[in-house]
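K.L.:
There's a structure below that I have some questions on.
The values are calculated or read from the model by the stated rules, or taken from the named source; none is laboratory data. All figures in this text were calculated on a predicted structure; none of them were measured in a lab. Cβ atoms come from the backbone with ideal geometry, glycine included; neighbour counts cover every protein chain shown.
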Amino acid sequence: MERTAKSWTLSDEFWEQIKDHIPQPKRDPNRSYQRKPGGGRKPLDPRRVLEGILYVLRTGCPWKALPKEFGSASSIHDYFQYWSQEGFFQNIWAAGLHTYDEMEGIGWEWQSIDGSMVKAPLALEAVGRNPTDRGKKRNETQSVGGSKGAAAGHRHLRR
């Protein structure tokens, strides 16, 4: 079957390497079921499910915007949740690292943690006003327009 190469499609070679890592649904022995094992709707094709998950992760679209070609968006999301709980994605990540280490070799002694310093847009409520403005009185802070007077968003009514 010829497949177009998109960033969310799986190559046959990659699929062969990971298909045995996919967690199989288990029945709870303490629960009573109305249907016999194998009853109800047939499970979705795991390869198609994984491609649907990769589509959402790659494009950044909401789950509900997932194209119908992958199946029901809520079902794909349920698989994603279950597979995440079962450690599927961590397992294939570890397997990929192991394979890469065998092929190219990972310089583990040269690894470091990277970080970044960015503004936290929601931190204002937690820490208070800007440190440079904390000692000033309310009417001494500058408004958005740059002129001194009432702080942005505050109006003083004349009486």
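K.L.:
I need a count of the residues in segment 24-47 that are at pLDDT 90 or above and exposed (fewer than 15 other Cβ atoms within 10 Å of the Cβ).
P.N.:
1
K.L.:
Please go through segment 58-86 and give me each residue that is touching a residue at least 40 places away in the same chain (Cβ under 8 Å) and within 17 Å of H21 (Cβ to Cβ), ordered by number.
P.N.:
Within segment 58-86, Y82, W83, E86 meet the criteria.
K.L.:
I've got another one for you. Only residues that are of a type outside the set (V, I, T) and surrounded by 12 or more Cβ atoms within 10 Å (Cβ to Cβ): list them for segment 76-89, please.
P.N.:
H77, D78, Y79, F80, Y82, W83, S84, E86, G87, F88, F89
K.L.:
Select from segment 49-75 the residues that are under 21 Å from D12 (Cα atoms) and either loosely packed, with under 14 Cβ neighbours inside 10 Å or of a type in the set (A, V, I, L, M, F, W, C) (or both) and list them in ascending order.
P.N.:
V49, L50, I53, L54, V56, L57, R58, E69, F70
K.L.:
Here's another thing I want to ask about it. Consider K19 carefully, then state whether it is charged (D, E, K, R), loosely packed, with under 13 Cβ neighbours inside 10 Å and in a loop (DSSP other than H, G, I, E, B).
P.N.:
For K19, the condition - charged (D, E, K, R), loosely packed, with under 13 Cβ neighbours inside 10 Å and in a loop (DSSP other than H, G, I, E, B) - is not met.
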